[in-house]
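Remarks on the structure that follows.
The values are calculated or read from the model by the stated rules, or taken from the named source; none is laboratory data. As the structure is a prediction and not an experimental result, all values here were calculated from the model. Virtual Cβ from ideal backbone geometry, glycine too; neighbours counted across all protein chains shown.
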Amino acid sequence: MIPAGRLLLDTNCLVYLLEGTGGPEHEYMVRLYQSAASGDVELLTSTVSLAEMLAGVARRGTRTDVERAQGAFLGLPGLSSRPVDIDVARESAVVRERPGLKLFDAIIVATGLVHGADALLSNDRQLVRAAHGLRAIYLAEAAAKG
């Protein structure tokens, strides 16, 4: 089931979509982006997720591959990428103090909190279980339910 409202995407969700191999998580993300493109759900993510995703592309490819992946990411309909600004930086510091969160995860969560996300979608079980203040949806479970 595709949730309604404003959904914050963790980096791994973007990877499943842009580099997916057709598994259930990839198929779920394709349906989610189709819903976003038609205006049924609003997707947001942090530029930190863009950096994390592009770092993976850079490890395996060329600068051209990185530029192509960036263009694909920024061109996704229904997805807005939010920068790390003063408000996100401040909220990241507060969120980071909660057990189980790494700095990049705290920045991603803070992005959602500052920009009014209704929920976080992630395939990182530790992030989903952390007490960060957002309703969390575990991608593997959502994908298994259809």
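Every condition in (1) out of contact with any Phe, Trp or Tyr (no Cβ under 8 Å at 6 or more places or on another chain); (2) more than 19 Å from G146 (Cβ to Cβ); (3) exposed (fewer than 14 other Cβ atoms within 10 Å of the Cβ); (4) not aliphatic (A, V, I, L, M) holds for S38 except the one numbered (2). Scan region 1-32 for residues that are β-branched (V, I, T), over 17 Å from L134 (Cβ atoms) and assigned to a helix (DSSP H, G or I) and the total you get is 2. Is it the case, given these coordinates, that S35 is within 27 Å of G133 (Cβ to Cβ), of a type in the set (S, T, N, Q), out of contact with any strand residue (DSSP E or B) (no Cβ under 6 Å at 6 or more places or on another chain) and not in a strand (DSSP E or B)? Considered against the rule, which asks whether it is within 27 Å of G133 (Cβ to Cβ), of a type in the set (S, T, N, Q), out of contact with any strand residue (DSSP E or B) (no Cβ under 6 Å at 6 or more places or on another chain) and not in a strand (DSSP E or B), S35 comes out as no.
One residue is enough: does region 99-111 have a residue meeting the conditions of a type in the set (A, V, I, L, M, F, W, C), closer than 17 Å to V15 by Cβ and touching a Phe, Trp or Tyr at 6+ places or on another chain (Cβ under 9 Å)? No; the residues of region 99-111 include none that is of a type in the set (A, V, I, L, M, F, W, C), closer than 17 Å to V15 by Cβ and touching a Phe, Trp or Tyr at 6+ places or on another chain (Cβ under 9 Å). Starting from region 14-35, keep only residues that are aromatic (F, W, Y), then list their pairs with residues that are buried (at least 21 other Cβ atoms within 10 Å of the Cβ) whose Cβ atoms are within a distance under 6 Å, requiring at least 6 positions of separation or different chains. Pairs that qualify, where the first residue is aromatic (F, W, Y) and the partner is buried (at least 21 other Cβ atoms within 10 Å of the Cβ), are Y16/E25; Y16/M29.
Any chance region 106-121 includes a residue that's over 22 Å from G5 (Cα atoms) and among the charged types (D, E, K, R)?
Looking through region 106-121, none of the residues is over 22 Å from G5 (Cα atoms) and among the charged types (D, E, K, R).
Every listed requirement among (1) touching a residue at least 24 places away in the same chain (Cβ under 8 Å); (2) under 24 Å from E19 (Cα atoms); (3) among the charged types (D, E, K, R) is met by R129 save one, (2). The requirement of being more than 30 Å from S38 (Cα to Cα), surrounded by fewer than 14 Cβ atoms within 10 Å (Cβ to Cβ) and either in contact with a Leu (Cβ under 6 Å, 6 or more places away or on another chain) or modelled with pLDDT of 95 or more (or both) is fulfilled somewhere in region 88-111, by at least one residue.
Exactly one residue out of A89, A143, A93 is touching a Pro at 6+ places or on another chain (Cβ under 6 Å) and farther than 18 Å from G5 by Cβ, and it is A143.
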